[in-house]
Amino acid sequence: MPLSHTIGWKATGLRNRIVDRWWERSLGIDTKGVKDVNQPDANRYATFAYSSILKIIDHLDPGPEDVFVDIGSGKGRVVCCAAMRPIKRVIGIDIDRDLCGIARENAGQMRARRSPIEIIESAAQQYDYKDCTKFFLFNSFGAATLQLVLQSISNSLTNNPRSIRFAYVNPMYERLLQELSFLECFDRWERRPWTGLKFDVSFWRSTRRGS
């Protein structure tokens, strides 16, 4: 890696840590840390910079009639960021009971909340996404679970046709989305030093056939 990139990533990491601490204090929440999730095909809980999360949410462009869902919501950082906007409802789904408990505490005590928040303890593939219009996923599980989640979303579009948008952060299994007829990629951000973006992000929307 070029020296300029190494310096860039270090500078970005330092800046993000400072900004993240400011956001945690401002919102009155605590979402820091890493936690292993003892469930099949589940990745450990971790999070990333507030600045990146807010940019991704802005790109999804949720409005007053949208239901925003974070699939694998952990301690609720993304959920709380989304709830700063006037959205119809914000949902966090996670399979880990302890993480859901922390997320509920954060949601209940956060400042600057403008939307109702619901934290649901559930396997992501078992949830009914029939009302959800804006989706956020930070690589919370492996390909097997993702395939089932995408099938659940597809079924929800059949039962309730609507337009959706989907942000996939650290898209390790993006090929599964590329194979679908009901989603199309409309944008992609690549991680770069100095920009603050630590992970690639791909953005998807429902096609006319699925919407």
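The values are calculated or read from the model by the stated rules, or taken from the named source; none is laboratory data. Just so it is clear, the model here is predicted, and its values are computed rather than measured. Glycine also receives a Cβ, built like all others from the backbone with ideal geometry; neighbour counts cover every protein chain displayed.
Assorted remarks:
- Unmet criterion (only one of (1) surrounded by fewer than 17 Cβ atoms within 10 Å (Cβ to Cβ); (2) over 15 Å from the mean Cα position of the chain (by Cα); (3) in contact (Cβ under 8 Å) with a residue 40 or more places away in the chain) for HIS59: (2)
- Scanning region 36-93 for residues that are among the aliphatic types (A, V, I, L, M), out of contact with any helix residue (DSSP H, G or I) (no Cβ under 9 Å at 6 or more places or on another chain) and modelled with pLDDT under 95 gives a single hit, ALA46.
- Subset of region 46-75 [outside any loop (DSSP other than H, G, I, E, B) and over 23 Å from GLY33 (Cβ atoms)]: ASP58, HIS59, LEU60, VAL67, PHE68
- When region 111-127 is filtered for residues that are out of contact with any strand residue (DSSP E or B) (no Cβ under 8 Å at 6 or more places or on another chain), surrounded by 13 or more Cβ atoms within 10 Å (Cβ to Cβ) and assigned to a loop (DSSP other than H, G, I, E, B), the ones remaining, listed by number, are ARG113, ALA123.
- THR158 vs. criteria more than 23 Å from LEU54 (Cβ to Cβ) and at pLDDT below 95: yes
- Members of region 84-105 found to be crowded, with 24+ Cβ neighbours inside 10 Å and either in contact with a Lys or Arg (Cβ under 6 Å, 6 or more places away or on another chain) or among the aromatic types (Phe, Trp, Tyr) (or both), listed by number: ALA103
- Which listed residue, of ARG15, ARG104, is at pLDDT below 95 and part of a helix (DSSP H, G or I): ARG15
- Comparison of PRO193, PRO171 shows that the only residue that is part of a loop (DSSP other than H, G, I, E, B), over 16 Å from HIS59 (Cβ atoms) and in contact with a Ser or Thr (Cβ under 9 Å, 6 or more places away or on another chain) is PRO193.
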